[in-house]
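The values are calculated or read from the model by the stated rules, or taken from the named source; none is laboratory data. Nothing here was measured: the structure is a model prediction, and the numbers come from that model. With ideal geometry, Cβ positions are generated from the backbone for all residues, glycine too; neighbour counts draw on all protein chains shown. Calculation scope for accessible area: heavy atoms of the full protein, side chains included, ligands and nucleic acids excluded. Shrake-Rupley method; radii C 1.70, N 1.55, O 1.52, S 1.80 Å.
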Amino acid sequence: MEGGGGGGQELSTDNVKGIVLALLSSGFIGASFIIKKKGLRRAAVASGIRAGVGGYSYLLEPLWWVGMITMIVGEVANFVAYAFAPAVLVTPLGALSIIVSAVLAHFILNERLHALGVLGCVMCIAGSVVIVIHAPQEQEITSVREIWNMAIQPAFLLYVASVIVVVFVLVFHFSPLYGQSNVLIYTAICSLMGSLSVMSVKALGTSLKLTFEGTNQLVYPETWFFMLVVATCVLTQMNYLNKALDTFNTAIVSPIYYVMFTTLTILASVIMFKDWSGQSLGSITSEICGLIVVLSGTILLHVTKDYERIPQSRSIYAPLSPSLTTRLNGDLLKHVEDGRNSDEEKALRRQEMY
């Protein structure tokens with residue numbers, strides 16, 4: 001791995017490719033939320049049956065399909081980005097999709113972006129720039145078996161075992177008891193599985209990249225094993241993310257999930273791929289500070305959006321209420337949501353994140 005005191009200040013060609021793909025991914029995914037939401041609105045007006053109450057008329061709406069295709073393109077770009085750049089660099093840049101969505105919603109959907117929202121956008125951009133400047137160089141890999149050797153090192157096996165144990169405890173013990181009342185249960189499951197899925201996506205993406213370059217990796221069973229892990233983790237992740245979005249307010253789920261997912265993914269990548277090996281302490285500290293700024297900006301964007309939807313007469317439920325536990329209570333969130341939104345608005349808001 002290239003590194004040293006420079007801490008990745010001179011970006012490699014692969015890092016540049018990864019950054020460009022991550023930025024394109026954020027643009028497409030951010031725009032897809034807005035396009036899909038407009039498609040849902042058109043379908044609801046045309047058919048009189050909303051998607052949130054069992055309607056499927058949006059499947060006949062061309063604009064909704066444009067949004068889906070846009071999202072798929074963004075996800076593919078994100079997948080390929082992991083084959084070129086370390087997860088420490090690619091994952092935090094996903095926050096830029098929130099900025100794209102917020103800005104487009106301001107101009108297209110008339111969802112106002114106020115001062116705190118603008119501050120959140122600026123923080124996300126500033127933090128991302130710091131991360132890019134100090135990002136580590138991607139390790140040169142010539143075979144999927146090299147990745148396999150990284151995956152079976154004791155430190156990463158301990159991380160995987162810990163994740164599996166925690167997920168099983170959450171799924172079989174805490175989920176039936178507290179899943180409907182505590183947003184942390186479902187989001188923790190998603191985030192933990194997500195960290196493993198990103199490691200597998202990176203391994204699979206690198207294998208396909210080497211295959212397209214002329215070194216066939218499909219002959220190795222490790223490639224197919226990583227593909228199986230990707231499918232298992234992604235399906236589990238999607239299942240519990242849908243549960244979280246269906247049970248709790250999106251403005252609560254999104255920032256908590258993003259913070260947990262990003263933090264755990266970077267931790268997993270640092271353990272498995274040793275992204276910080278060879279970097280100076282100053283560069284590592286700068287990356288961590290940049291990540292904290294991005295996470296803080298993301299939370300600010302979502303909390304601001306949630307706060308602005310709450311009427312002043314219901315200020316007792318504002319995000320600045322004294323207890324975080326109160327805000328995370330599912331029954332209270334659903335009560336507030338029912339009191340301040342029409343059924344159509346709720347259906348559209350829940351659909352915009354699918």
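Hey, got the dipole for the range 12-111? About the Cα centre, +1 on K and R Cβ, -1 on D and E Cβ, debye to the nearest 20?
Once rounded to the nearest 20, the dipole reads 320 debye.
To one decimal place, what Kirkwood hydrodynamic radius in Å is obtained for the range 140-274 from all pairs of distinct Cα atoms? Please report the intermediate quantities before stating the final value.
On the way: mean 1/r = 0.0639 Å⁻¹.
The answer is 15.7 Å.
With a 10 Å radius around each residue's Cβ, average the other Cβ atoms per peptide and rank 238-244, 137-143, 76-82, highest first.
Packing proxy ranking, top to bottom: 76-82, 238-244, 137-143.
In what sequence, highest mean first, do 186-193, 261-268, 223-230 appear when ranked by Cβ atoms within 10 angstrom? Numbers along the way, then the final one.
Values: 186-193: 25.9, 261-268: 21.2, 223-230: 18.2.
In decreasing order of mean packing, 186-193, 261-268, 223-230 become 186-193, 261-268, 223-230.
Between TYR178, SER207, PRO221, whose Cα lies farthest towards the positive end of the dipole of the range 140-274 when Lys and Arg beta carbons carry +1 and Asp and Glu beta carbons carry -1, centred on the Cα centre?
TYR178
Suppose every K and R has +1 on its Cβ and every D and E has -1 on its Cβ; what is the size of the dipole of the range 140-274 about the Cα centre, in Debye to the nearest 20?
100 debye
Using only alpha carbon pairs under 8 Å that are at least six residues apart, calculate the relative contact order of the range 172-295 and give it in whole percent. All intermediate terms of the calculation are to be shown ahead of the outcome.
Numbers: 98 pairs, mean separation 42.6, N = 124.
Relative contact order of the range 172-295: 34 percent.
With a 1.4 Å probe and every protein chain left in place, tell me how much accessible area HIS302 has, in Å² to the nearest 10.
30 Å²
Take the cross-link list LYS17/LYS243; LYS17/LYS202; LYS209/LYS274; LYS17/LYS274 and give me the ones stretching past 26 Å between alpha-carbons.
LYS17/LYS243
Rounded to two decimals, what is Rg over Rh for the range 12-111 when you use alpha-carbon atoms and the Kirkwood radius? Please report the intermediate quantities before stating the final value.
Numbers: Rg = 15.8 Å, Rh = 14.3 Å.
Radius of gyration relative to Kirkwood radius: 1.10.
Determine the relative contact order of the range 17-142: mean sequence separation of Cα pairs under 8 Å and six or more apart, normalised by residue count, in whole percent.
On the way: 161 pairs, mean separation 42.9, N = 126.
Relative contact order, the range 17-142: 34 percent.
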